[in-house]
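Read-outs: derived from the displayed coordinates by stated rules, not from any lab. Since this is a predicted model, take the numbers as computed values, not measurements. No Cβ is skipped: glycine too gets one built from the backbone with ideal geometry, and neighbour counts run over all protein chains shown.
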Amino acid sequence: MTQRKSKVLSSDKLEKAKVLLSGGYSRSEVARSLNVKYDTLSKAVWDGRVTYQPPSGKAVEVINETLPIDKSSRSQIDVAAGEGLGVACVRVVERVYSAVGLGGVAESRFERCNDVSFGGVLSALPALTANGLFDGIDKVFGEFKGYYPVTHILALLGFMALCRIKTVERLRWQPPGELGRLLGLDRIPEVKCLREKLTALSQDGVPEKWGESLSKRWMDDFPELAGFLYVDGHVRLYGGQEKIPKQYVSRQRLCMRGVMDFWVNDMLGRPFFVVRTAVNPGMLEVLRKEIVPRLLKDVPGQPSEQELESNPLAYRFVIVFDREGYSPEFFREMWTVHRVACITYHKYPKEDWNDNEFDEYDVKLVSGETTNMKLAERESEVGSGKTKVKVKEVRKLTASGHQTAIVTTAFALSSIVIAAVMFARWCQENFFNYMMKHFALDLLADYLKEQVPDTERVVSPEWRKLDKKINSVTGKLKYRQSRFGQLTLHPAEENDIEKYRKWEAAKSELAEDIHALEGELEQLKKVRASMEKYVRVSDLPEEEIFQQLSSSKKNLTDTVKMIAYRAETAMASAIAEECGSLDQARALVRDVFTSEADLIPDYGQHTLTVRLHNLSTRALDRKLDKLIDLLNDSHTTYPGTELILRYSRIGTPDEYHA
């Protein structure tokens with residue numbers, strides 16, 4: 001029979017509580033040792049009956065070796081607490097005081113626990129911290145009221161992303177007490193509470209300001225990678241009932257309802273920032289109005305005006321994009337106005353070059369691999385009239401004889417560098433695929449809608465209908481012209497009278513159809529030329545009015561996901577050589593994130609040891625040991641505490657060697 005816990009602290013127990021708390025034991029551990037309720041002990045601390053100094057020396061010896069540190073015992077405690085405020089709500093007094101406005105935010109207090117679910121994700125905390133998850137959050141988000149501080153909410157979002165808990169709703173099926181112990185709390189917020197916290201953090205454009213400061217910091221940290229910026233659009237598909245404009249989805253080869261986001265990444269595929277548009281104006285317009293002005297302000301190491309004047313080939317930075325952004329007029333504008341160079345595929349290459357113009361080169365790719373390419377270059381012009389611009393054209397000759405043409409205004413770059421940079425554009429496609437699969441990039445953060453600004457210009461519904469009809473007539477005309485050409489090239493023999501008459505009748509009929517369609521097409525084009533292509537949203541008919549998806553929470557969660565992706569990439573890159581490839585290294589760290597771990601706090605030594613569990617093979621354990629050494633070298637402090645994170649693996653000494 002379980003002994004009933006005392007509701008009163010005797011003088012003897014008060015003294016023991018002071019000694020244990022001063023020695024570095026948590027309140028829950030002391031309460032269990034003294035066989036009193038947790039809230040009874042906490043109330044005594046709040047009332048001043050138990051006073052103690054923070055531990056500064058070696059912790060006192062454990063007086064009770066049977067403290068419930070295993071998962072089964074923790075589960076029983078969490079379920080028992082559910083009879084009060086909720087499952088795992090064992091910090092009753094602190095929660096009540098916080099609810100009535102008498103207490104501050106919760107502090108991270110860790111206790112010895114074995115086999116904590118998702119404990120391995122704490123190995124990512126140094127990388128999350130290094131990539132800015134907690135940078136300037138007090139200034140950005142301001143004072144935060146309630147039991148859960150901003151630090152805990154952002155840490156939880158980062159852990160969720162790395163553990164592939166893709167939506168807030170999925171937290172319902174995770175043990176709240178176990179995840180809470182990763183934060184040094186009794187439990188994580190419930191779904192409704194977490195959504196309220198996200199709403200509070202997403203007000204007044206705060207996530208956008210935070211994202212801007214982080215993107216500038218990332219560029220400053222790696223200026224050598226910020227000189228080449230990859231820009232591409234990504235459609236987030238929408239399956240709801242609201243009227244959302246359709247976008248062309250290249251991966252589906254269909255026009256589907258969705259929102260177009262334009263991402264800016266570095267040469268390794270790591271994201272800097274994303275630009276969201278209510279109505280897709282096209283890549284060139286977004287580059288002109290949103291992306292390039294921001295890059296001009298944030299990209300480090302740009303040459304001065306004097307350097308640009310003295311060197312006619314110098315540029316500020318290079319933007320790389322696919323054929324969607326091909327525009328000689330845009331190339332000319334970027335170079336003459338901003339001295340920004342562009343690299344893209346040639347959309348309209350002319351005849352093939354002679355094979356003897358191509359030379360073999362060893363090209364070192366951004367990933368570090370070296371490959372052999374046959375390259376040739378010429379100086380040429382693209383565009384016509386006022387839009388004509390001089391470019392360097394580089395072509396790659398494949399084994400099949402196909403020539404891939406690249407054009408750029410960065411004349412200072414060699415053909416080897418141009419080819420390496422252009423073909424590394426796939427890193428951005430890989431980023432999209434990985435984020436969609438592992439980080440739920442396309443999922444909605446909420447279901448809120450916003451009104452599209454009345455001044456926003458969209459394609460006129462009448463113009464769109466007429467353009468669709470013109471395309472239909474054009475298709476019919478081309479089909480008949482093709483058939484007419486085939487009949488002309490293969491005439492029927494005149495000695496076969498019947499076949500000749502059929503051939504002559506078919507040709508005559510096609511000629512009449514072609515003449516009629518040409519007249520109809522010419523008339524439709526005249527009507528389209530007289531119409532306004534774009535109209536204001538306020539001028540749309542009522543049945544065409546649409547709303548845009550709210551982006552406030554999406555901007556916050558996507559910023560955390562960008563940090564998580566960069567953190568995972570940094571960890572995987574550190575052991576990629578040992579693992580054989582970056583993909584294999586990613587698989588290893590993913591397994592570590594979702595594995596269990598032991599938490600061993602030592603408040604006397606100001607450390608929190610995260611003891612990771614072994615992997616499936618010794619070979620993988622050796623790779624994990626390399627990662628552990630790097631993590632320990634970071635000397636990371638757990639946010640909001642004075643505890644230095646230490647890492648070890650079961651089966652190896654726990655002692656940390658500086």
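Miscellaneous remarks
- The ellipsoid equivalent to the alpha-carbon distribution of the chain has semi-axes of 61, 30, 24 angstrom, derived from the gyration tensor eigenvalues as √(5λ) and listed largest first.
- Within-15-Å neighbourhood charge of GLY580 [Cβ basis; K, R +1; D, E -1]: 0
- Assigned charges on the beta-carbon of Lys, Arg, Asp, Glu; the range 218-438 dipole about Cα centre (debye): 1040 debye
- Sparse packing (at most 14 other Cβ atoms within 10 Å of the Cβ) combined with a DSSP loop state is found for none of the chymotrypsin sites (Phe, Trp or Tyr not before Pro) in the range 183-234.
- SER215, SER75 arranged by Cβ crowding within 10 Å, fewest neighbours leading: SER75, SER215
- For ASP115, the residues whose amide H sits under 5 Å from its own are ALA597, ASP598, LEU599, ignoring neighbours fewer than 5 places away on the same chain, with H placed 1.01 Å from N.
- Pairs of Cα atoms farther than 24 Å apart, the range 218-438, %: 47 percent
- Counting only alpha carbon atoms, the long axis of helix 552-574 and the longest principal axis of the chain meet at about 80°.
- Spatially proximal lysines relative to LYS499 (Cα-Cα < 26 Å; intrachain offsets below 8 disregarded): LYS476, LYS478, LYS507
- A cut-off of 5 Å between modelled amide H atoms, ignoring neighbours fewer than 5 places along the same chain, links GLY258 with TYR238, GLN247.
- For the range 502-518, putting each phi into the Karplus relation 6.51 cos²θ - 1.76 cosθ + 1.60 with θ = phi - 60° gives couplings of 4, 5, 5, 5, 5, 5, 5, 5, 5, 4, 5, 4, 4, 4, 5, 5, 4 Hz, in residue order, rounded to whole numbers and with x for Gly and Pro.
- Counting charges near VAL389 (Lys, Arg +1; Asp, Glu -1) among other residues having Cβ under 14 Å from its Cβ returns a value of +2.
- Ordering ALA17, SER202, SER595 by Cα displacement along the dipole of the chain toward the positive end leaves ALA17 in first place; charges were set at the Cβ atoms of Lys, Arg (+1) and Asp, Glu (-1).
- Structural descriptor for the chain: relative contact order 16 percent, calculated from alpha carbon pairs under 8 angstrom and at least 6 residues apart.
- Pairs beyond 19 Å (Cα-Cα), from LYS289/LYS554; LYS350/LYS468; LYS289/LYS437; LYS145/LYS561; LYS166/LYS561: LYS289/LYS554; LYS350/LYS468; LYS289/LYS437; LYS145/LYS561
- Here the Karplus curve 6.51 cos²θ - 1.76 cosθ + 1.60, taken at θ = phi - 60°, turns the phi angles of the range 602-618 into couplings of 9, 6, x, 9, 6, 10, 10, 8, 9, 9, 6, 7, 5, 8, 6, 9, 5 Hz, with x standing for Gly and Pro.
- Hull shadow area, averaged, the range 461-531 [alpha-carbon convex hull, nm²]: 4.8 nm²
- Dipole axis of the range 218-438 (+1 Lys, Arg; -1 Asp, Glu on Cβ), positive-most option in ILE418, GLY301, ILE319: ILE319
- The chain, dipole about Cα centre (Lys/Arg Cβ +1, Asp/Glu Cβ -1), debye to the nearest 20: 1620 debye
- Candidate aspartates and glutamates for bridging to LYS374, where Cα separation is under 15 Å - those fewer than 8 sequence places away on the same chain excluded: ASP352, ASP355, GLU357, ASP359, GLU360, ASP362, GLU393
- With the charge dipole of the chain set up from +1 on Lys and Arg Cβ and -1 on Asp and Glu Cβ about the Cα centre, the Cα lying farthest toward the positive end among the listed residues VAL279, LEU225, THR617 is that of VAL279.
- For a straight C-alpha distance cut-off of 18 angstrom, the aspartates and glutamates reachable from LYS626 (same-chain residues fewer than eight places away being disregarded) are GLU568, GLU577, GLU578, ASP583, ASP591, ASP654, GLU655.
- ³J(HN,Hα), Karplus 6.51/-1.76/1.60, whole Hz, each residue of the range 476-483, x for Gly, Pro: 5, 5, 5, 4, 5, 5, 5, 4
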